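Working notes, structure below.
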Amino acid sequence: MMARLKFYAGVFLITSSTLMLQLIETRILSVISWYHLAFFAISMAMCGLTAGSVWIFLKRDRYTQKTMSYDLAYFSTAFAITTVLSLGMQLALTLTLTFSLTGIIVWVFLALSMAVPYFFSGATIGLALTRSPYPIGRVYGVDLLGAAVGCLGVLFLLNLTDGPSAVIWVGALAAAGAWFFAGSGIGGVPETRPPLASGLGHQGRIFILLALFATVNGLIPYGLQPIFVKDRVEGRGSSVVEKWNSFSRVTIFKESRKEAPQIWGPSPQLPPGLVVERKYMEIDGFASTSMYRFRGDVAEAGYFKYDVTNLAYFLPNQQRAAIIGVGGGRDVLSAWVFGLRDITGIEINPVFIQLLTADPEFSDFAGLARLKSVRFIVDEARNWLARTPETFDVIQMTLTDTEAATGAGAFTLSENGLYTVEAWKLFLSRLTPHGVFTVSRWYGPGQVNETSRIISLAVATLLELGVKEPRRHIFVASAKNIATLLLSPAPFSPQDLAALEKAVAHYQYQVIVSPHSQPQSKVLQAIFQARTLKELEHHTRDFELDLKPPVDDRPFFFNQLPFYRPVQVFKMLLQETPPGLMRGNLLAAATLLLILIVSLGLVLVTLVMPLRSALQDVGARLIITGTSYFFLIGIGFMTIEIGLLQRMSVFLGHPIYSLSVVLFSLILTTGLGSLLSDRHPLDSGFKFVIWSVLTAAYLAVLPSWLPQLLSSYDHADLLTRCALSVAVIAPAGLLMGFGFPTGMRLVSAVDPAPTPWFWGMNGIAGVLGAGTTVALSIAWGINCTLVIGGLCYALLIPAALGIGFTAQAAPGAGA
């Protein structure tokens, strides 16, 4: 009995550690590189897990119950050790976003270092599922439970310690799993011991060492921590404080600086020689925010009146303001300087609110906690505004994107949900009748850029609300490389326009759009000519860059590459990279292409070539139909997974919530579907067609009702939204779970020899499908990826009928 419990404990810890590692790696890669590498982490995890499982298949004569406990402990310990070694490799590499031979070598090293731990995890899980003497249903159930707990446990772990230390803790948990496997008493020691067996045989000691390493690493600044962050060397020391949580790493420089104030869009009238005291902070090693010393005297912060981002505060009769994205408190302080005495700061990252209100060193410095009419809300802004019945005279959103999103383009799942038509309609509904929503973005005079897109977004929002003349509701001014848009649900009154024009003239800003004048830009003229959403789509689709208004189905505001015209994007990649926003977009696109090339090479070397022997003496019909079947399942599943990740990221408010909830739901329900397929096998063509049609139909019709359902629950709390997400995903997971074991039974009934090949093809499709799905969703929308996923499951019908149902395998065969 005790031996059996140890076996189950080992399975639980290994699967839990595997999912935790995958999610934590997305967080670390977001720090050292860019957010779009989240899908790369998923691809490499699938590649490694598939390679490890296939290895067990190919070596089935060696790995049997005769040495099972020994082999499980060996692979689990290797998983634990390589997890930490892989972390060291990732932190030591300089992940450059350049398309060159050196860049390819760097990404190959990264891919290999990420995939190796998953190879050992895949070997462990594959061995436990296919060779254990215990009921497969129970083993699989423990496997699913561990994976599901890992998806949720990562939120807990990342809020307790930093990212690298969390990875080391994952290694420690894997070593604990190895210790349990070593005591499970299944078989003996192999005649020929594997490499490094003597060192990997001390699972208990390895667990203790890794646990101590993780503890110490989280307490000292000079441990295993990022060195190269966003292509630069990051300094460390006692003057720097790091605070990690499940969705960010905030670096705080304790020593304040006396220097010129950070004015995003400075007026030419800004008095020269100003010196202020501020503390500097970074989010994920790139995006910056400042905390200014404020002792309560409004005059000492009067310089904020010279920033174009605060233009809205010159409008008359303002009392209440809501700030989206508090950061170091700069915009909150600006509202106070302009005389508003009812200010709400909404910030998703609790680190900043803790610094501003609870940490004596920083809260005393900032002084905002002493202002009784200022309150701070720790929440995702869109969701909080959907829940609250309150209205505001001003809602301000200044460069809210952590800036890393700008560089990563569409591949980030970060703050895109704040820049969609649906979000802006909500924001306008939370304004008083003559209130204003103000947004500041980067601007380049004479260029088609982010400012052009926020104007397109503003026009689309107003058209959605039935406004006939959007230009009467929009005012845009700029200073240097920042433009500020003012958007009102009501037309600007003559008094409002007089106040804005007076401020613009006094501070010498440039007017880009005004109800009193025609915009000089031909691009903006075309946008304002639209009187319907269809006309706006027509006017924006043929520009060099993507200026289509983002919606929740296609929420990629920060990408301006027209992926719906791939030839043009490819030509742009071959041209000289421009500076600014487009540089980030183009380099991110080049990285996507580079990652796809590296992934393809990796799967060819690690999966396709080793598995060719499995096709010897196998009929061409089985090879073609079987390969098609498992490739379609891999592509279909990945398009659904990535599509749901992107859709739920907008709904839940942050990528880490989406990753945890979506993976938890899919893992749990597809596993249950696989188990149900044992009891209710699809053992006839008729049953299979019914299942395939039901699965394809559910997935393909998701776009017709899911957006409306999610929109109706925008106001719900996070727990309710998570529960709704699980409820939506569960039917899809249960249905999709039938696909893989059914295919294995079908091909095993014809010829079991090529099953490793088909397993590998499924993994290859998943690896390549992740990046491809991202590109598809950018070009055509998330709904498109869901429809493609449904189509893949419909196309399984001819593939399965081609394999044949004449010879039926017993339930569970080949699973």
Looking only at lysines whose Cα falls under 25 Å of residue 571's and that sit 8 or more positions away or on another chain, we get 522, 548
Once both labels are modelled 7 Å past Cα along the beta-carbon direction, what's the residue 801-residue 720 spacing in nm? 4.7 nm
Nearest 500 deg cm²/dmol is fine: what mean residue ellipticity at 222 nm does the chain get from its DSSP H runs of n ≥ 4 alone, each adding -39,500 (n - 2.57), divided by its residue count? -18500 deg cm²/dmol
Starting from the 7 Å offset along Cα-to-Cβ, what nm value, one decimal, do you get for the label separation of residue 676 and residue 532? 4.3 nm
Between residue 753 and residue 567, what's the calculated FRET efficiency when r is the beta-carbon distance and R0 is 60 Å? Round to 0.05. 0.90
Taking just the alpha-carbon atoms of segment 1-149, what radius of gyration and Dmax come out, in angstrom? 16.5, 57
For residue 233 and residue 208 in one chain, what is 0.36 nm times their gap in residues minus the Cα-Cα distance, to one decimal in nm? 5.8 nm
Near residue 6, which lysines are there with a Cα under 26 Å away, not counting those fewer than 8 places off in the same chain? 59, 66
Would you calculate the volume per residue, in Å³, of the smallest convex hull containing every Cα atom of segment 172-261? 163 Å³
Nearest-0.05 FRET efficiency for residue 255 and residue 705, computed from C-beta distance (R0 60 Å): 0.65
Starting from 0.36 nm per residue, how many nanometres of slack lie between residue 288 and residue 481 once their C-alpha separation is accounted for? 67.8 nm
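Jot down the per residue volume, in cubic angstrom and as a whole number, of the convex hull over the alpha-carbon atoms of segment 510-578.
Output value, Cα hull per residue: 131 Å³.
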Can you give me the distance in nm between label points at residue 425 and residue 388, each placed 7 Å from the Cα along the Cα-to-Cβ direction? 2.2 nm
Contour excess over end-to-end distance, with Cα ends at residue 510 and residue 364 and 0.36 nm allotted per residue: 48.8 nm
Relative contact order for the chain using alpha-carbon pairs under 8 Å, separation at least 6, rounded to a whole percent? 14 percent
When only alpha-carbon atoms are used, what values of Rg and Dmax, in angstrom, describe segment 242-373? 14.4, 42
Prolate/oblate/rounded call for segment 81-219, Cα gyration tensor, a/c under 1.5 rounded: prolate
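Based on the mean of other Cβ atoms within 10 Å per residue, sort peptides 46-52, 245-251, 255-261 so the most packed one is first.
46-52, 245-251, 255-261
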Rounded to the nearest whole Å², what accessible area per residue is found for the chain with the 1.4 Å probe? 37 Å²
Partners for residue 279 among aspartates and glutamates (Cα-Cα distance below 17 Å; same-chain residues under 8 apart left out): 242, 255, 259, 300, 331, 359, 361, 364
Alpha-carbon Rg/Rh ratio, for the chain, with Rh computed the Kirkwood way: 1.00
From the C-alpha gyration tensor of segment 444-564, square roots of 5λ in Å: 24, 17, 12
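The values are calculated or read from the model by the stated rules, or taken from the named source; none is laboratory data. Treat the numbers as computed from the prediction; the structure is a model and nothing was measured. Note: ideal-geometry Cβ built from the backbone for every residue, glycine included; neighbour counts use all protein chains shown. Ligands, DNA and RNA are stripped out before the accessible areas are found, and what is left, the full protein with its side chains, is counted by its heavy atoms. Shrake-Rupley method; radii C 1.70, N 1.55, O 1.52, S 1.80 Å.
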